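The values are calculated or read from the model by the stated rules, or taken from the named source; none is laboratory data. All figures in this text were calculated on a predicted structure; none of them were measured in a lab. Positions of Cβ are generated from backbone atoms using ideal geometry, with glycine treated the same way; all protein chains shown enter the neighbour counts. Side chains are part of the model used for accessible areas, which takes the heavy atoms of the whole protein and leaves out ligands, DNA and RNA. Shrake-Rupley method; radii C 1.70, N 1.55, O 1.52, S 1.80 Å.
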4 protein chains.
Amino acid sequence: MNTFGQIFRLTSFGESHGRGIGGIIDGCPAGVVLDVEQIQAELARRKPGQSKITTQRQEPDQVEFLSGIFEGKTQGTPIAFAVWNKDQHSADYNDLKNIYRPSHADFTYMQKYGTRDHRGGGRSSARETIARVVAGAIAKQILDKAGVKIQAFVSQVGEVKLEKHYAELDLSQTESNIVRCPDAETAEKMIDRIMQAGNDKDTVGGVITGIVTGVPAGWGEPVFNKLHASLGFAMLGINAVKGFEYGSGFEGTKLSGSQHNDVFIQTENGIRTKTNHSGGIQGGISNGEDIYFRVAFKPIATLLKEQQTIDIDNNPTTINPKGRHDPCVLPRAVPIVEAMAALVLVDHYLLNKLNSI
Amino acid sequence: MNTFGQIFRLTSFGESHGRGIGGIIDGCPAGVVLDVEQIQAELARRKPGQSKITTQRQEPDQVEFLSGIFEGKTQGTPIAFAVWNKDQHSADYNDLKNIYRPSHADFTYMQKYGTRDHRGGGRSSARETIARVVAGAIAKQILDKAGVKIQAFVSQVGEVKLEKHYAELDLSQTESNIVRCPDAETAEKMIDRIMQAGNDKDTVGGVITGIVTGVPAGWGEPVFNKLHASLGFAMLGINAVKGFEYGSGFEGTKLSGSQHNDVFIQTENGIRTKTNHSGGIQGGISNGEDIYFRVAFKPIATLLKEQQTIDIDNNPTTINPKGRHDPCVLPRAVPIVEAMAALVLVDHYLLNKLNSI
Amino acid sequence: MNTFGQIFRLTSFGESHGRGIGGIIDGCPAGVVLDVEQIQAELARRKPGQSKITTQRQEPDQVEFLSGIFEGKTQGTPIAFAVWNKDQHSADYNDLKNIYRPSHADFTYMQKYGTRDHRGGGRSSARETIARVVAGAIAKQILDKAGVKIQAFVSQVGEVKLEKHYAELDLSQTESNIVRCPDAETAEKMIDRIMQAGNDKDTVGGVITGIVTGVPAGWGEPVFNKLHASLGFAMLGINAVKGFEYGSGFEGTKLSGSQHNDVFIQTENGIRTKTNHSGGIQGGISNGEDIYFRVAFKPIATLLKEQQTIDIDNNPTTINPKGRHDPCVLPRAVPIVEAMAALVLVDHYLLNKLNSI
Amino acid sequence: MNTFGQIFRLTSFGESHGRGIGGIIDGCPAGVVLDVEQIQAELARRKPGQSKITTQRQEPDQVEFLSGIFEGKTQGTPIAFAVWNKDQHSADYNDLKNIYRPSHADFTYMQKYGTRDHRGGGRSSARETIARVVAGAIAKQILDKAGVKIQAFVSQVGEVKLEKHYAELDLSQTESNIVRCPDAETAEKMIDRIMQAGNDKDTVGGVITGIVTGVPAGWGEPVFNKLHASLGFAMLGINAVKGFEYGSGFEGTKLSGSQHNDVFIQTENGIRTKTNHSGGIQGGISNGEDIYFRVAFKPIATLLKEQQTIDIDNNPTTINPKGRHDPCVLPRAVPIVEAMAALVLVDHYLLNKLNSI
């Protein structure tokens, strides 16, 4: 159950303080010329220590490809890769060996497996998402050739919310600030909010918005594997995610059908819709309009202050985590959201080749 | 891609105006004594014509089992079943053969497959959910024996919202009114809101809340197939769903970590949490607390009034649907939400048998 | 585990004496114009009562399609179908309810599931292969358009063996006799051998040879899902099959490499091989030459004479089956072998669309 | 398509002359205490350079585990591993860059993918089986605790055939000679035969027999994934394999049903069969008797003498391979056969936990 995708399949491996994090991509078409620097650039967007609002841990997170690429091209064979772990302060976690941290996976792993690698959260660490970012970066390169572009940005931090519609934003500005919000003014407020959380030794949650442009009509599956169901599944599989909506989402439930329906119109570029409450997907299949969605992230569970909890023998105790932790997951989660969206889209791109003969 | 589940797998078939709707359940354990009346009762909750706020179409929706059951017990072999179509007014749809209805799947199916069964929406009709309700009813019976109970109810219709926390409600009252809201006062307002939509020849959306009790700690998968990701995937695969959240959901993004964390406490019944912002799931794995989630439904796209649209030759036209349609999908979607949740949970119940030897 | 195939997937259902046998084909491309008579013709090749050397049971085995076909064309949606059971003499099996027949699946089903439908062997009956023949007939029609032809014939019955190489045979003669051997002289001997077995109230086994022509180079998967491994898996999944070999097979183990290697040669039609010990597959991938393979069938376990056995309480007893049974499975298994080969090949045909973008 | 198994899944990666060979095992139960030396011992049985009848290449083939094991125990998380490549004489293969070797996968890979890593055969090299031996060694350890033992041996080399029934052999003697035949006398003849092939700069094929003891009744799946179909699929996925048979196999086709049927008998140890033509499997499900099967290997295609062939531009040419190659694959394939059988059996062992609740 560590495999994602139907055709373009990522199987991920690794723990936070083990040998490394990596994966195998199976089902990647042959003949794709890979830009390895671009893959590394995506990892740089995810890596710790990149700004004052992320953890100060320094992890180079350099990817090594182990198979499947020859003379710069994919071979149609499995692409294995690893990012070897460095700078591990495993000793920071010794205290936690016998303790269940609140709202972490310590307790549930132990209940499920009867054993766990407690160091840095083991497999439940968000460090696992490295594998997704690498695979997603390859997916992005394939999609790029097909004219599909995926862009995510931070649209809310705590109560600080970007109120503009995505079409009003200049998404090229997302990377111009450390919080990855394309609106400079809101970005400042978000940064302040995160700094405040850090000063309080507390954490803060928020929302990431994803935009996919260039998907032609026809991608997606009609029943269970609807395109938005695949996207939702992908997003809800990211650590700390609590919700997903696309198109009109939860707000759309308050509209009447006559307000919500997207009327088809004739255009020079063929059939389009006047509005896009559908979020680019109708009946689970893309209709050629922009796909957009929102992903809710809870505040990170690791606080740098004392909390009450229980040890593995069911005795009350307290924890007081040390180490270098993020006060807010959002800025570093932007490339993860993009990567997971890319994995979904490349999979449906390939699936769509099978509709007819 | 018409199969749902990893171990307990439903493969669904059928179109709205074809021979019938049905499916095959593969991976159902042997020796389960089935209560067929209970399965039929779930179909009755879903079927049209059940009250003044649903479509007045009369469809008996009687299930016939075709295999896999002998002397009242499952045999470990595939359970095939069908609900044969009746009372089809296919002629009602003749006008729609060459037209793309707004916010339906007509256009996208045509783009994907180059062909479609236009009668009643064909495969994209919500009638397909019959297969899910039957399979879900079987899953429920298995879960029931394991002490797991799944209950859903309508918590919002348009702007009418049930403000109480689920723990304050008497869920046994859900079936006491036609809108399936356990709070009598709010139910009345919801019914009025739906009646109003019907009178306006319009439609209205809303939210269904699902509650799962009795899941022991340890169900779920840690990385991609997190328990809540599976639930979200299931819900987003239901027709008209636009969003999913569990536990603290989108609102939880505004809390700080110290507010959000669920502190572990000692109890007579073992380890519990003081609060349940986690929604019963931590790191993708159940922790023994109640699982709760919310599902957003858009207003139904079929309006009984004239709308502008495009025909299959890309010429502007208008549609003015006739026939008998629901003004609101919510009341009939409650058993569908429960069924999909049951399919997810029975799958993770079985998967969980594989953790250790 | 009742699903066959990766892309073109058949999920089969049904028991010998239940409501019927059928299946769902998911992943069939849209827009395929189906020749239903041709499908029915394949069922006629499989059905009982077709000649003096098969069982005299009369079963019309008429297929009914339940979904996925509209105006004669596949819709890209699941194709459900059923052959309803008729002419069931379930009472013939009452004696067998508490007995394990030698070399049948009675004992093993009971051990596995703790329950079984004993009537006519239930799910273990070769009647289940009806689902395969229907799905295979659709696969054949798709392959036919791609220039691929699948032909099987009986090459051995008991010790009566067709000694000629397949290239010396006129395969259009296979259907000209009731045993389905394209060599008239050998066919006579085989028929005699089967008649003799019938007269002895005994049964006899044999070998079916399959030939696939027109597969272009490039179909197959290189590691686990080698084209011949998929074929072998398919054949070994047929009732009564004990062995599979392709190309030079078991005999080829005695050759030296210099004898066995298929030298590449230049031809007007591109690269070909001088010999074809490879059986048209190299490294698991088709090389454009004919694919050929042999499938071993054991003698049928149901004998019309008394045999010693054990009842379900582990007491010794005897059985003396009545009813109408085949003395030899081979003639009726020819369309089943072809069907399973077709399912494998259509799957690899579709998979092969995913190699490159 | 580089994943093997339903529950206990191996995804393999790597090329002959790339960074290394490895894989990820997903679905391994938690809490298994691994004997890493035993895993390494299996690799030693497979590795080159182990005797005078194998290639003289020296490859240490030391496995490194990258994840999923903590304090010596499996964690229920993915077990990644690699054997890093050493001693690569890639230059030996420069001549082959533009040539298709007879009966290799060079031509078919190129046809399928339009690109290939020609060095040492790339992904089509039997070096890929390292991943299978590692995963199989873990599977063996799990099976061992369940009382299941898998033993393979060489039963034929060229025309030299071990005529004894496996029950007459002392399988503990298999490792006592370099050809891995438990009969000392026959082993000598086989070794001579292989030496002769080597002296001739030629190669020779043969047969490996596999024996599985201790499987309880009830493992296997009844329809497509019959236990023997899974075994056949596994064996036919091994490089150079041309055929598979189990139980009475191809020879059994000549028996009558009354000779072939395995009569059930009462014993102190419950129900057994008097004979075992079924090879321990009835209706696709184990019956508690020994499982035995035979696997045909063709002679290796790489000959150390000149052969006619074609280059990638379809011009005739000759090849004259250098390097260090095996004259016979059989002795080194014994642990591979065992490994693949172990993967199949551990998968069915786990699947069998899902039959009932």
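When residues in region C:214-262 are screened for being facing chain D (nearest Cβ under 7 Å), farther than 28 Å from A:THR77 by Cβ and open to solvent by 20 Å² or more (accessible area, probe 1.4 Å), 4 of them pass. Of all residues in region C:82-106, those satisfying the criterion of being surrounded by 16 or more Cβ atoms within 10 Å (Cβ to Cβ) and within 14 Å of chain D (Cβ to nearest Cβ) are C:LEU96, C:ILE99, C:TYR100, C:ARG101, C:PRO102, C:SER103, C:HIS104, C:ALA105, C:ASP106. Looking at region A:196-213 only, could you name the residues that are farther than 20 Å from A:SER155 by Cα and more than 8 Å from chain B (Cβ to nearest Cβ)? The answer is A:ASN199, A:LYS201. Scanning region A:145-162 for residues that are farther than 30 Å from A:PRO321 by Cα and in contact with a strand residue (DSSP E or B) (Cβ under 9 Å, 6 or more places away or on another chain) yields A:GLY147, A:VAL148, A:LYS149, A:ILE150, A:GLN151, A:ALA152, A:LEU162.
Filtering region C:247-269 to residues that are modelled with pLDDT under 95 and under 30 Å from the mean Cα position of the chain (by Cα) leaves nothing.
Which of (1) touching a Lys or Arg at 6+ places or on another chain (Cβ under 7 Å); (2) among the small types (Gly, Ala, Ser); (3) open to solvent by less than 10 Å² (accessible area, probe 1.4 Å) does B:GLY27 not meet, given it meets every other one? Condition not satisfied by B:GLY27: (3).
Quick check: anything in region D:103-110 more than 30 Å from D:ASN314 (Cβ to Cβ) and either under 23 Å from the mean Cα position of the chain (by Cα) or acidic (Asp, Glu) (or both)? For region D:103-110, residues more than 30 Å from D:ASN314 (Cβ to Cβ) and either under 23 Å from the mean Cα position of the chain (by Cα) or acidic (Asp, Glu) (or both): absent.
With respect to the conditions (1) touching a residue at least 40 places away in the same chain (Cβ under 8 Å); (2) within 30 Å of A:LEU143 (Cβ to Cβ); (3) more than 9 Å from chain D (Cβ to nearest Cβ), C:ILE357 lacks only one, and its number is (1).
Set side by side, the residues C:TYR113, C:TYR109 differ, and just one is in contact (Cβ under 8 Å) with a residue 12 or more places away in the chain and surrounded by 19 or more Cβ atoms within 10 Å (Cβ to Cβ), which is C:TYR109. Quick one: how many residues across region D:284-297 are part of a loop (DSSP other than H, G, I, E, B), open to solvent by less than 30 Å² (accessible area, probe 1.4 Å) and not acidic (Asp, Glu)? Selection size over region D:284-297: 2. In region D:301-357, the qualifying residues are those that are of a type in the set (A, V, I, L, M, F, W, C) and in a strand (DSSP E or B), and the one that is surrounded by the fewest Cβ atoms within 10 Å (Cβ to Cβ) is D:ILE319.
Here is the figure for region B:3-12: residues that are open to solvent by less than 10 Å² (accessible area, probe 1.4 Å) and facing another protein chain (nearest Cβ under 7 Å) total 2. Being closer than 30 Å to C:GLY220 by Cα, touching a strand residue (DSSP E or B) at 6+ places or on another chain (Cβ under 7 Å), away from chain B (no Cβ under 14 Å) and without any contact (Cβ under 8 Å) to a residue 40 or more places away in the chain: is that true of A:ILE79 here? It is false that A:ILE79 is closer than 30 Å to C:GLY220 by Cα, touching a strand residue (DSSP E or B) at 6+ places or on another chain (Cβ under 7 Å), away from chain B (no Cβ under 14 Å) and without any contact (Cβ under 8 Å) to a residue 40 or more places away in the chain. If you take the residues of region A:165-213 that are small (Gly, Ala, Ser) and open to solvent by less than 60 Å² (accessible area, probe 1.4 Å), which of them is nearest to the chain's Cα centre (by Cα)? Among those residues, the one meeting the criterion is A:GLY210.
Scanning region B:16-36 for residues that are under 29 Å from C:MET110 (Cβ atoms) and out of contact with any strand residue (DSSP E or B) (no Cβ under 8 Å at 6 or more places or on another chain) yields one hit, B:ASP35. Can you confirm whether C:GLY122 is under 20 Å from the mean Cα position of the chain (by Cα), at pLDDT below 95 and within 30 Å of D:PHE264 (Cα to Cα)? Yes; evaluated as a whole, the condition is true for this residue. Looking across region C:13-24, the residues that are surrounded by 24 or more Cβ atoms within 10 Å (Cβ to Cβ) and at the interface with chain B (Cβ under 7 Å from one of its Cβ atoms) come down to C:PHE13, C:GLY14, C:GLU15, C:GLY18, C:GLY22, C:ILE24.
Residues in region A:275-297 that are within 7 Å of chain B (Cβ to nearest Cβ) and among the basic types (Lys, Arg): 0 in all. So which residues in region A:126-141 are open to solvent by less than 20 Å² (accessible area, probe 1.4 Å) and either assigned to a loop (DSSP other than H, G, I, E, B) or aliphatic (A, V, I, L, M) (or both)? The answer is A:ILE130, A:ALA131, A:VAL133, A:VAL134, A:ALA135, A:ALA137, A:ILE138, A:ALA139. Residues being more than 24 Å from the chain's Cα centre (by Cα), open to solvent by less than 40 Å² (accessible area, probe 1.4 Å), among the hydrophobic types (A, V, I, L, M, F, W, C) and within 11 Å of chain C (Cβ to nearest Cβ) are entirely absent from region D:51-71. Could you tell me whether D:ALA197 is in contact with a Pro (Cβ under 6 Å, 6 or more places away or on another chain) and farther than 30 Å from D:LEU10 by Cβ? For D:ALA197, the condition - in contact with a Pro (Cβ under 6 Å, 6 or more places away or on another chain) and farther than 30 Å from D:LEU10 by Cβ - is met. Counting the residues of region C:293-314 that are closer than 18 Å to C:LYS201 by Cα and small (Gly, Ala, Ser) gives 1. From the list D:ILE238, D:ILE265, D:ILE285, the lone residue that is touching a strand residue (DSSP E or B) at 6+ places or on another chain (Cβ under 6 Å) and in contact (Cβ under 8 Å) with a residue 12 or more places away in the chain is D:ILE285. Quick check on my filter: what residues within region C:117-150 are farther than 24 Å from B:PHE70 by Cβ and within 14 Å of chain B (Cβ to nearest Cβ)? Scanning region C:117-150 gives a single hit, C:ALA135. Filtering region A:263-274 for residues that are within 8 Å of another protein chain (Cβ to nearest Cβ), part of a loop (DSSP other than H, G, I, E, B) and buried (at least 19 other Cβ atoms within 10 Å of the Cβ) leaves an empty set.
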